[in-house]
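I have a structure I would like to understand better, so I am pasting it below and will then ask my questions one at a time.
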Amino acid sequence: MTDNSSDEAQRREHLRISLRLGNDADFLLDCDGMTVQLGHWHWWRPGKLGLGNIKDISRGGVGLISACRLHQGMKLKLLLNDDLVLPISITHGRQLYGPLWFYGGRYLELSTEDLYRALRLVQQHRRKLRQGRRQPVLEP
């Protein structure tokens, strides 16, 4: 699966909330992101696919990094917490480094209320990341 950066501007319809703390830093090292569980789309499939790390989110979809091998068109659920699940379909992906892949996904069957809850949760996480960056590092 490939990702053309020239198509990115055309594909992006909504402003995104980025969890990256700086645009000039290494994509893999710059962002703590928000760790989520990747769940199977169908309820009868127990267990999880693995973990993902949200890098950005918008009203249209989500960008995440994962070592799980996902494919275009694959449906899955992002479990943000015990009562908030984002159903998505993978739209694109590209290999970053070693086993890590960056994936983009669009929402499926998501209520406006759940979307706004997810956006608020990610914004709160982003604020915590930025506040943590400003704290002085104390060395023994």
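Values quoted throughout were computed directly from the atomic coordinates according to the rules given, and no laboratory measurement underlies them. Since this is a predicted model, take the numbers as computed values, not measurements. A quick note on method: Cβ atoms are made from the backbone with ideal geometry, for glycine too, and the neighbour counts reach across all protein chains shown.
Run through every distinct alpha carbon pair of the range 32-130 and return the Kirkwood hydrodynamic radius in angstroms, one decimal place. Write down the numbers at each step before the final one.
Values: mean 1/r = 0.0737 Å⁻¹.
With all distinct Cα pairs of the range 32-130 included, I get 13.6 Å.
Calculate, for residue 128 and residue 59, the FRET efficiency according to 1/(1 + (r/R0)^6) with r their C-beta to C-beta distance and R0 22 Å; round to the nearest 0.05. Don't skip to the end; give the middle numbers.
Values: r = 22 Å, r/R0 = 1.00.
Efficiency at R0 = 22 Å is approximately 0.50.
Can I ask one more? Within 10 Å of each residue's Cβ, count the other Cβ atoms and sort 88, 65 from fewest upward. Mind dumping the intermediate values first?
Working: 88 25, 65 19.
Listed from fewest to most nearby Cβ atoms, that is 65, 88.
Here's another thing I want to ask about it. Taking the mean number of other Cβ atoms within 10 Å as a proxy for protection, how do you rank 93-103, 108-118, 50-60 from highest to lowest?
50-60, 93-103, 108-118
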